[in-house]
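J.: Provided herewith is a single structure, encoded as structure tokens, for subsequent inquiry.
No value in this document is a laboratory result; all are computed from the given coordinates. Predicted model only: the values in this text are computed from it and were never measured. We place every Cβ from the backbone using ideal geometry, glycine too, and count neighbours over all the protein chains shown.
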Amino acid sequence: MSQVEENKQSEDPRRFRNIELSINGQGHTLQVATTWTLNDVLRNVLDLTGTKRACDYGGCGSCTVLLDGLDAYSCVTLAVEAEGKDIQTIEGLSAAPEPHPLQKHFASTYAAQCGWCTPAMIMSAKALLDQNPNPTDDEIRVALSGVLCRCTGYTSVVQAVRDAAVELRGGR
Amino acid sequence: MKDNLSVVGQNFVPVYAAKKSDGTVKFPADVSLPGMLWMKFTRSPHAHARILEVDTSQAEKLFGVVKILTYKDVPRVLFGPYKDELYPLDEEVSFVGDSVAAVAAEDWNIAEEAARAIRVKYEQLPAVFDTEAATKDDSPMSTLHLPDSNADWWKDTRRNNGDEKPTNVMGGTNEKPTWVNQRGNLDEGFSQSELIVERVFHQAHVSGVPHEPRGCVAIYKNDQCTLWCSVQDPFKVQSAVAKVLGLPKESIRIVSTIIGGGFGVKVLGRFAVLAALMARETTRPVKVWFTREEESLDSHNRSALVHYVKAGTKKDGSLTAFKVRTYMDNGFWMFGGLGENIAKSICTRPMDLYRKIPNVLWEVLTVRTNHPSTGPYRGRADAESHFAVETVMDELAHGIGMDPLEFRLKNRIHPGDPLCSVPGKVMSAVGVEEAARQGAETIGWDRRNTIANSNGAARKRGIGMAMVIHSCGSNPSGSSEARVEIDDGGVLSLFSGTPDQGAEQQTTLRQMVAEVLRVPLHTIGGNNADTSNCPFDSGPYSSRTVYCAGIAATRAAEAMKQTLFELAAEKLEAPQDQLVLADGFVTVIGTPSRKVSFAALVAANGGLLKTSYRYNSKDEVLFAYGFAAAFAEVEVDTGTGEVKICRFVSSHDVGRAINPIIVEGQIRGGVSQGLGYAMSEGFRFDPRTGTALNQWFLDLKTPSILDIPDIEPIMVELGEPTHPFGAKGCSEIPYVGVAPAIANAIYNATGARLYELPMSPDRVLRALAAVSGGGH
């Protein structure tokens, strides 16, 4: 330990920048290293751990959040890139007094098995339903194809989105 | 089986589902603590080497690096999930990706950079990759006998061999297989055969791919250590950490309440032990969280396999002889992966399913190599064996012109048959025929082509099936304890040691407790898989939770009912046989006004009511197995070799479904993983270096939402007599039949046979070319 102290690089080589992030409608002034991803900042700085990570390079979709209403991989988005964008995470949905219909139906259809990809699936489905309130099953599958699930076989996921869409349309 | 059930057998929203859907559930890697450090590993680029020197000087200089551990800095104490065989870090590395050093730093990027800045001098050693070559006397050894090693496992590798000649064969020698299943007289059996089929099968090494990469957060204070750890076996982690830290078990707390997928592969490993050591060394909380590459390789995958099969039948469909020699690529761990145990199940379970085969010789050689470690992964041992068995069954049936379904059923096991997989035990209920017939009806088995390859279209359709056996939790090893409590507010809680890795076992267990004690499900609280307040459980493997922990929870609840009745009999001045339970009260039959609440009985007891039960199946003679039949309908594009799965029916003898929505979800999930194993997954290793070439997520090729159809589950509920509610575990068996059912469907569509997994388009094209004589 003493040797470590003696020869230590005294200056932090990381480059930091001050940025403003808008997350779930709330502004955050943050000092972030330029190498940190949006996923790093959400999880490790702001403790918004509902957004997951499973691969680090856009291969599985577990880290999906909404950027200006579109689903995006937070693990391949640098935090500094997200400045000026409207960032939505699962915590934004959960802040409402009642669970969002997507959350309700993911729970009731057992579409959330281990729960790891669930927030990403829900955010991806939200991006779809915000633009297309009455999707076909094929449209649901295509829209959610950016998120992989290892547990469900996907049938319950499609059903949850379909049921949530019906509820969001007022039962029609 | 019990009648008049109101909670068991009903669909309830799983108890953790809401937290999972709103993102508030805390997985181990979601835990953050003030002052927390991040730990990363330096990993070996060599498949087999001795570490000569580790130069950490450059890494130590980096800003934000707090501590580096090499094999010289860690206790030389052996630990392991099944046998003590691993050091926290070792001077020998045994696969590409093996851990060499651990770095703790102020953030994840710095830790990673420092891990890369550590310079290691290796002496490269001969590495072993080819299982068959590894069993020859001139093969190099995949492991060193380290001069200071006192490991028992090393002594075991040389046992059964007078001259102590080292061998790569686990539990055997170069001449003697790891496990042999033998009955009857093979020569006689083949001499009676009217049709003999001989085939060779190859299966790829695959990862379980739980989506949550292994994570652990450790905190060490006043000789107490707490770990939030994504593992299925928290009690084993507790013992291992205690052993390595030199502390009593009670000083170690492991929390694995909810983990992000397990599938059998998330067991005790170096990451947990090193997190604890690092937390002690730095006196700060430490988080380690695997990358996908680490999760793929520093895990317990399904081994690559080669099967040489020869089987014979009479024309009337009576199987006469079955001979197999299996080479299993165990990877680097000796016993950690239970390679011997898997070998035993590979060569015995299918021969229990087809109990009528009189003459059998099945030898398995489990070979230790320098590939990544393998071990129990969903469908353990049966996914390894049934692709070969069920393909050969199909060929034999077609060869004698018999319906493949009837051929299988003719040779199947019956209740009361002795089991070769569990000597001394006798088969309990068997629902395989009912499952197979219902599945056949649902898929429309009669629609299959009567003669394969009967049409000349570019896209060809066909239907195939497989019949399988797998553990349903009736497990002669391990035990499960459950504790039921009622507090002074009358609130009922269930405590179980088993983690929820996605199968929502707490829901199922609480349903059984709710049924016995007649309370609404949602009123039951409790905790699971936290060693500080939950009783011992071996963990969710072998589909054992519904069965073993289910029996424990039911018996604990029944003991609670007895306790309540004893207290109430006094209070109500009524005999116990005149008492019933309803909604948190004990009442007297016929006079509902004479009642006493649970809370009042707790008060009468002078505080908390507590009952527990530990289940251990060793003493029972009757043994339960899960059975299933899988039916696939495929469309093969003969131009591209692509196989579209049009329908998949997965029909199960589940005993009784405690929560049908969960059982169906487990069936669909198991089939979808099996589809990956069948069609697309599988590591490619560089044959010279042993380096995995496709360990990243997209290259793992797990099925996406666009790859698979709506899987059709069937639950046949005949009741398992050895379980209080008739239930059997069935979250693994759906995986097992998928690959052979699809292979047989491809044959039915095209006349081409596939003998290699995964059945990728190039292999399908080659198989098509083989039947059409080169062109198609």
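J.: Could you tell me which of B:Ala743, B:Thr722, B:Ala692 has its Cα farthest along the dipole of the range B:673-776 towards the positive end, charges placed at Cβ (Lys, Arg +1; Asp, Glu -1), taken about the Cα centre?
T.: Of the options given, the answer is B:Ala692.
J.: Sequence gap at least 6, Cα distance under 8 Å: using those rules, report the relative contact order of chain B to the nearest whole percent.
T.: RCO, chain B: 15 percent.
J.: With Cβ to Cβ distances under 12 Å as the rule, what net charge do the other residues near B:Glu635 carry (K, R +1; D, E -1)?
T.: Here the count lands on +2.
J.: Give me the net charge for the shell around A:Leu144: Cβ to Cβ below 12 angstrom, other residues only, Lys and Arg +1, Asp and Glu -1.
T.: Every neighbour counted, the sum reads -1.
J.: Let me ask you something else. Using the Cβ atoms and a cut-off under 10 Å, what net charge is assigned to the surroundings of B:Ala429, where Lys and Arg are +1 and Asp and Glu are -1?
T.: Net local charge, B:Ala429 excluded: -1.
J.: Shifting gears a bit: Could you count how many Lys pairs in the range B:1-90 have their Cα atoms under 21 Å apart, skipping same-chain pairs fewer than 8 positions apart?
T.: Count of close lysine pairs: 4.
J.: On to the next question. For chain A, modelled as a Gaussian network with Cα springs under 10 Å, which listed residue fluctuates most, A:Cys63, A:Cys117, A:Cys55?
T.: A:Cys55
J.: Using the Cα gyration tensor of chain B, with a ≥ b ≥ c the square roots of its eigenvalues, what is the shape: rounded (a/c below 1.5), prolate (a/b larger than b/c) or oblate (neither)?
T.: Oblate, since a/c reaches 1.5 and b/c is not below a/b.
J.: I want the antiparallel fraction of DSSP beta bridges within chain B, as a percent rounded to 5.
T.: 75 percent
J.: Right, here's the next one. Go ahead and estimate [θ] at 222 nm for the protein assembly as shown from helices alone: -39,500 (n - 2.57) per DSSP H run with n ≥ 4, summed, over the residue count, rounded to 500.
T.: Taken over the protein assembly as shown, the calculation gives -8500 deg cm²/dmol.
J.: How high is the relative contact order of the range A:96-168? Use alpha-carbon pairs under 8 Å, at least six apart in sequence, and give a whole percent.
T.: Rounded, it is 48 percent for the range A:96-168.
J.: Cut-off under 24 Å on the C-alpha distance; same-chain residues fewer than 8 positions from B:Lys571 excluded. Which lysines are left, in chain and number order?
T.: Hits, sequence-local ones excluded: B:Lys561, B:Lys595, B:Lys610.
J.: Something else: Percent relative contact order of the range A:16-93, based on C-alpha pairs within less than 8 angstrom and at least six residues apart?
T.: Relative contact order comes out at 37 percent.
J.: Between B:Leu718 and residues 5 or more places away or on another chain, which pairs have amide H atoms under 5 Å apart, with H built 1.01 Å from N, and which residues are they?
T.: Distant-sequence amide H within range of B:Leu718: B:Val654, B:Gly655.
J.: Starting from the Cα of A:Asp137, step 7 Å along the direction of its Cβ; do the same at B:Thr640; then give the gap between the two resulting points in nm.
T.: About 2.2 nm separates the two model spin labels.
J.: What FRET efficiency, computed as 1/(1 + (r/R0)^6) with R0 = 30 Å and r the Cβ-Cβ distance, is obtained for B:Thr450 and B:Arg183, rounded to the nearest 0.05? Working shown, then result.
T.: Values: r = 35 Å, r/R0 = 1.16.
The calculated FRET efficiency here is 0.30.
J.: Based on Cβ point charges of +1 for Lys and Arg and -1 for Asp and Glu, what charge dipole magnitude is obtained for the range A:96-168 about its Cα centre, in debye rounded to the nearest 20?
T.: 240 debye
J.: Also, quick follow-up: Using DSSP loop states and a limit of at most 11 other Cβ atoms within 10 Å to flag trypsin sites (Lys or Arg not before Pro), what is the longest stretch of chain B containing no flagged site?
T.: Values: sites that count: B:Lys136, B:Arg159, B:Arg688.
My reading of the result: B:160-687 is the longest stretch.
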